[in-house]
Amino acid sequence: MNSRQIVLASRPKGIPVHENFRFESKDLEKLKENEVLLKAEYISVDPYMRGRMNDVKSYAPSFEVDQPIAGGVVAKVIESKSNSFTNGDIVFGMLPWATYSIEQSENLRKVDPSLAPPSYYLGILGMPGLTAYFGIMDIGKPKTGETVVISGAAGAVGIVAGQIAKIQGAYVVGIAGSDKKCNMLKDQFGFDETVNYKTSKSVRKSIAEACPKGADVYFDNVGGEITNAVVLNLNFHARFVLCGQISVYNSTEIPVGPVILPRLLTRSVMLQGFIVSNYSNRFNEGLGNLAKWVHEGSLKYKETIVTGFDKLPDAFLGLFSGENYGKMLVSIE
Ligand code: NAP
């Protein structure tokens, strides 16, 4: 069996370019006991993967140069030498960017395509959905009538975080990079107000206008100047949920900006960073509630699905130029 795969050709400096990726073909070996042969159906592209392209110690190991890039994949079992899987099963795993791959069965989790479309297990019923759930429910803890501000609001995590805050009875303000995204958040996802950070003359003032009572919770996906502007609008005892910092993932130097710590001090703000895997022992709780809300219709979902294995690098790069509405995925024909 021949598979196509994408390896890290070189480590990016700043924004990744096509030369950092290389397509290869590989002959797969015969299956051994306990292994399964998988055909990729959907491959996830996620901002954190940019960090794994650097040679820096972090919570997820660096990708090796000349080795396949890997991440969340939903795949179909084509052949099995495991008692746990049979042909046709749909599974989730952290798998290489490859059309076909061989994996040990203990690294795979069966997903039920009759409960939700398979791609949902990479988004709302997967890592991004759980990130939104625990960030809002465990750290932000909005109370009825409080104001929640979300940056990166139209992406995979933000769109879910905003809706969960609405379910908790909050007034929700989303920050996103186009009028089309802002309109989508209000018209389709129930956000109360939005700020287009690309066209606003003063993001700080626009947030102040969108949050007449100030902000009680800030769910940060982007960092940088947007975060500085939000922090200046935080209320006394606000909670700052530090989820992501995409605006600096491609920085080649440690960014220096207006200092926000004095404001956190004077407003007694609680800031907590988190990695979703901190909550792995509560994933069943999170997935149960997410699935219930999706089923009830109180949690809507959005995907941007790019078709074709060859498009994986472009889809990944598109995360940094805001090409996605909701979760960005690649479907493999
Ligand atoms: P995403 O929001 O679906 O995609 C990235 C979005 O970020 C883009 O669509 C773009 O939207 C925005 N963006 C890109 N560059 C930007 C910049 N320089 N300034 C402001 N906005 C920018 O990605 P996601 O999967 O939901 O992840 C969102 C954040 O959460 C990321 O920072 C990610 O690393 C983090 N995350 C953290 C955890 C955790 O465990 N802590 C887990 C998952 C994700 P616009 O068009 O609005 O600019």
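Here are some notes:
- Every test in (1) assigned to a strand (DSSP E or B); (2) of a type in the set (A, V, I, L, M); (3) within 13 Å of the ligand (Cβ to nearest atom) is passed by residue 238 save one, and that test is (3).
- If only residues of the stretch 244-276 that are small (Gly, Ala, Ser) and either over 14 Å from residue 227 (Cβ atoms) or in a loop (DSSP other than H, G, I, E, B) (or both) are counted, the one that is modelled with the lowest pLDDT is 257.
- Listed by position, the strands (runs of 3 or more DSSP E) contained in the stretch 33-103 that have at least 2 residues being among the hydroxyl-bearing types (Ser, Thr, Tyr) are 35-44.
- Consider the stretch 1-27 and keep the residues that are over 11 Å from residue 98 (Cα atoms) and in contact with a Ser or Thr (Cβ under 7 Å, 6 or more places away or on another chain). The one that is surrounded by the fewest Cβ atoms within 10 Å (Cβ to Cβ) is 14.
- Criterion violated by residue 252 - all others in (1) touching a Lys or Arg at 6+ places or on another chain (Cβ under 7 Å); (2) among the hydroxyl-bearing types (Ser, Thr, Tyr); (3) surrounded by 13 or more Cβ atoms within 10 Å (Cβ to Cβ) satisfied: (3)
- Residue list for the stretch 178-192, filter: surrounded by fewer than 20 Cβ atoms within 10 Å (Cβ to Cβ) and either within 16 Å of residue 233 (Cβ to Cβ) or not hydroxyl-bearing (Ser, Thr, Tyr) (or both): 179, 180, 183, 186, 187, 188, 190, 192
- Contact map, the stretch 160-183: residues that are free of Cβ contacts under 8 Å to residues at least 40 places away in the same chain paired with residues that are basic (Lys, Arg) and surrounded by 24 or more Cβ atoms within 10 Å (Cβ to Cβ), Cβ distance under 8 Å, separation 6+ or inter-chain. No pairs are found.
- The stretch 176-225, residues that are polar (S, T, N, Q) and either outside any loop (DSSP other than H, G, I, E, B) or within 18 Å of the chain's Cα centre (by Cα) (or both): 183, 188, 194, 196, 206, 221
- Close Cβ contacts (under 9 Å, 6 or more residues apart or on different chains) running from residues in the stretch 208-225 that are assigned by TED's automatic domain parsing to the domain that holds residue 151 and crowded, with 24+ Cβ neighbours inside 10 Å to residues that are part of a loop (DSSP other than H, G, I, E, B) and of a type in the set (Ser, Thr, Tyr) comprise 218/151; 219/151; 220/151; 221/151; 222/151; 222/197.
- Test: residue in the stretch 157-175 that is within 17 Å of residue 47 (Cα to Cα) and in a loop (DSSP other than H, G, I, E, B): no
- Scanning the stretch 182-220 for residues that are in contact with a Leu (Cβ under 7 Å, 6 or more places away or on another chain), under 10 Å from residue 149 (Cβ atoms) and within 13 Å of the ligand (Cβ to nearest atom) yields a single hit, 220.
- Test: residue in the stretch 63-74 that is out of contact with any Asp or Glu (no Cβ under 8 Å at 6 or more places or on another chain), touching a residue at least 24 places away in the same chain (Cβ under 8 Å) and more than 24 Å from residue 318 (Cβ to Cβ): yes
- Annotation: residue 287 fulfils all but one of (1) assigned by TED's automatic domain parsing to the domain that holds residue 146; (2) in contact with a Leu (Cβ under 9 Å, 6 or more places away or on another chain); the unmet one is (1).
The values are calculated or read from the model by the stated rules, or taken from the named source; none is laboratory data. In this text, all values refer to a predicted model and were calculated from it rather than measured experimentally. Methodologically, a virtual Cβ is constructed for each residue, glycine included, from the backbone with ideal geometry; neighbour enumeration extends over all protein chains shown.
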